Amino acid sequence: MDKFYITTAIDYVNGPPHIGHAYEKILTDIIARHFRQRRFDTYFLTGTDEHGTKIEKTAACNNMKPQEFCDSIVQIFKNAWQLLSVDYDGFIRTTDDFHEKAVQDIFQKLLDKGDIYKARYAGIYCPGCECFLNERDLAEDGLCPDHQAKPQEVEEENYFFKLSKYKDKIKEHIKNNPEFILPAFRANEVINQLEDTEDISVSRHKCAVSWGIPVPNDEDQVIYVWIDALSNYITALGYGSDDNENFNRYWPADVHMIGKDILKFHSIYWISILMALEVELPKTILAHGWITVDQTKMSKSVGNVISPGYILENFNLPNADAARYYLATCASLGRDGNYNDEDFKLKVNADLANNLGNLLNRTLNMLIKYFDGNVNESIITKQDDNKLAELCKTTSDKVKEEFNGYKIAEAAEAIFTLVNEANKYVNDKAPWALAKNEDTKNECGQVLYNVLETLRQVSIMLFPYIPNISSEMWEQLAQECDAACQTWDDLYWGGLKAGRIASKETVKPVFLRLDSEVAGKEKKKKVSG
Ligand code: MSP
């Protein structure tokens, strides 16, 4: 069995998560679920980044000890991921004992090798970025362009990592491996940044940062957050510990999913650290774009930061499927996406309620009306000479290919093109007319079968995006096993078996139109109750 190891960035816990953090976890979850369906031995890692000045300060403002503060925020992150059906295999916290120990070992290894050395440093530091900047990184007004803050002037004796030693090797690697940085248009950006990169500081004096992992055998220094944070991808698998079974099984990572803002840290810092450790490199660093809200960057001052649960609450949704689907398809992975209430409503009403939900509902109702809910042997069709069967095959091939390049918005589009075709097919064939005549009644059954079998396959392909709706579809198609245990091998024509599959009691809409009467009533109930 092939393995598939996918990770997300680990989030800072200086505040609760927002929809941008959720976006990344959802994209990753969709990819992990897809590869699980293809029977890859999949491991999906996420977690939290808990050291550093920002967290120390926020904890103090809340009159809490840093660890106590982190514990409370981490729970909010975990609850959010559960609400959004983000089904990870591992959750690492950089305050986990095993991680702290492994990071100290990594630091020591690099020291012993001569790749970490001590030097005096005078420069500027942005606490928002948790990193030293060059004058040329600043905006014209002398502020950090990402945090709109004046950087601190710092003079310290710190440990430095000899990044310059690895620059050429990294450049070569990027040039020789087109799938290493995705989307491909980001690779040049990294090559340009490499030109400017010098050795990096990997520790801070404990007077400046006390909330961090101490440098081994030097009590005045604390390991600086990026080397601590980046190492999570291997420490979580047991690298450097006695139990390194998972490391041997899953490393190298197949995908590091991260936001575009931290690409430099991953493709330059992390890669050079791995080179120094002589550890194999990840296969792909996948940089997603940012989510804006109403076309505006989220910020506390603008007051447009929305929580991971906002969409569910605002539309009184029973689960996260619609939000997952919207976020996964609002932009091609790598490009910036936008969230807007009205746009959300239009999109999910059109795709999930109308195209998908209505098609299943009306087809099952016709099966009940004309065949008492029975799939008779005589209506089961063969793959040959069957337009929908052919389309199911080409669609599943396309979806697989898109996922191989992590193009999940494009894969969803291909699935919905199939759903549209199935809708057109019903309208063209008019099974309600075929049902009127005994001579064409069986043909009517075959048309219904073709649509329901297509929807069976659609529910499998859509499962990674909308696991709850897919399971509901699967149940209504009365398949023996849960949608969650379906694999890519179940995408063959004729999986829908003979037997009574539907009755008035079992058929119900899988997704209610937002603002429909029923959804409205439900909403009122929730507000008043
Ligand atoms: N702790 C570091 C990452 C260390 S990884 C070894 C960090 N944390 S963060 O909390 O600031 O960001 C976590 C992830 O969320 C990053 O990948 C970041 O790009 C992503 N996002 C933060 N805001 C975002 C949006 N508005 N939209 C999409 N993703 C965004 O960086």
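Place the peptides 301-314, 38-51, 429-442 in order of packing, highest mean first, counting for every residue the other Cβ atoms within 10 Å and averaging per peptide.
On the way: 301-314: 15.8, 38-51: 21.8, 429-442: 14.0.
Packing proxy ranking, top to bottom: 38-51, 301-314, 429-442.
Treating only the Cβ of Lys, Arg, Asp and Glu as charged (+1, +1, -1, -1), what charge dipole size does the chain show about its Cα centre? Round to the nearest 20 debye. Before the final figure, lay out each step's value.
On the way: 60 positive and 81 negative charges, 313 e Å.
Around 1500 debye, computed over the chain.
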Solvent-accessible area per residue for the chain (1.4 angstrom probe, square angstrom) = 43 Å²
Please provide three numbers in whole Å: the alpha-carbon extents of region 3-308 along the principal axes, with the largest listed first.
-> 53, 45, 39
Counting only protein heavy atoms and using a 1.4 Å probe, what share of the accessible area of region 3-308 belongs to carbon plus sulfur, as a whole percent?
-> 48 percent
Return the distance in nm (one decimal) between the two label points of a simple spin-label model at N217 and D428, each offset 7 Å from Cα along Cα→Cβ.
-> 7.6 nm
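Please list 150-163, 268-281, 127-140 highest first by mean number of surrounding beta-carbon atoms within 10 Å per residue. Let's see the in-between values first.
Working: 150-163: 17.1, 268-281: 18.6, 127-140: 14.3.
Peptide ranking by packing, descending: 268-281, 150-163, 127-140.
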Between Y370, L388, N355, whose Cα lies farthest towards the positive end of the dipole of region 344-389 when Lys and Arg beta carbons carry +1 and Asp and Glu beta carbons carry -1, centred on the Cα centre?
-> N355
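Taking 8 Å as the Cα distance limit and 6 or more residues as the minimum spacing, I'd like the relative contact order of the chain as a percentage.
On the way: 843 pairs, mean separation 81.6, N = 529.
That works out to 15 percent.
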Helix-only [θ]222 nm of the chain, DSSP H runs n ≥ 4, -39500 (n - 2.57) each, per residue, nearest 500 = -13500 deg cm²/dmol
For region 3-308, size of Cβ-based charge dipole, Lys and Arg +1, Asp and Glu -1, in debye | 820 debye
Return one number: the angle in degrees, 0 to 90 and rounded to the nearest 10, between the long axis of the Cα atoms of helix 438-462 and the longest principal axis of the Cα atoms of the chain.
-> 10 degrees
Karplus (6.51, -1.76, 1.60) ³J(HN,Hα), θ = phi - 60°, over region 381-394, in Hz, Gly and Pro reported as x | 9, 9, 4, 4, 6, 9, 4, 5, 4, 4, 5, 4, 5, 5
Which angle between 0 and 90 degrees, to the nearest 10, do you get for helix 517-528 versus the longest principal axis of the chain when only C-alpha atoms count?
-> 50 degrees
How compact and how long is region 230-296, expressed as Rg and Dmax of its alpha-carbon atoms in Å?
-> 14.2, 50
Taking the highest mean first, how do the peptides 415-422, 232-239 order by number of other beta carbon atoms within 10 angstrom per residue?
-> 232-239, 415-422
Quick one: of the DSSP bridges fully inside the chain, what percent are antiparallel, nearest 5?
-> 50 percent
Counted charge near W432, where neighbours are those whose Cβ lies closer than 10 Å (Asp, Glu -1; Lys, Arg +1) | +4
If you line up the long axis of helix 467-476 against the longest principal axis of the chain, both from Cα atoms, how many degrees apart are they, to the nearest 10?
-> 20 degrees
If each of D242 and I191 carries a label point 7 Å out from its Cα toward its Cβ, how far apart are those two points in nm?
-> 4.8 nm
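Counting Lys +1, Arg +1, Asp -1, Glu -1, what net charge surrounds D146 among other residues with beta carbon under 14 Å of its beta carbon?
Values: positive: K54, K150, K260, K264, K297; negative: E130, D137, D141, D261.
Cβ neighbours under 14 Å give a net charge of +1.
For E157 and K175 in one chain, what is 0.36 nm times their gap in residues minus the Cα-Cα distance, to one decimal in nm? Don't jump to the answer; show the numbers that get you there.
Numbers: separation 18, 0.36 × 18 = 6.48 nm, distance 3.56 nm.
Full extension from E157 to K175 adds 2.9 nm.
Note down the Stokes-Einstein diffusion coefficient of region 372-529 in µm²/s, whole number, using a Kirkwood radius over alpha carbon pairs, 4 °C, and 1.567 mPa s.
In µm²/s, the coefficient is 76.
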All other residues with a Cβ under 11 Å from the Cβ of S85 taken together, and with Lys, Arg as +1 and Asp, Glu as -1, what is their net charge?
-> 0
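Rounded to the nearest whole Å³, what is the per residue volume of the convex hull around the Cα atoms of the chain?
Details: hull volume 87.5 nm³, N = 529.
Roughly 165 Å³ of hull volume per residue.
The values are calculated or read from the model by the stated rules, or taken from the named source; none is laboratory data. Treat the numbers as computed from the prediction; the structure is a model and nothing was measured. Quick reminder, even Gly has a Cβ in these numbers, built from the backbone with ideal geometry, and neighbours come from all protein chains shown. We work out accessible area using only protein heavy atoms, side chains counted, and drop any ligands, DNA or RNA first. Shrake-Rupley method; radii C 1.70, N 1.55, O 1.52, S 1.80 Å.
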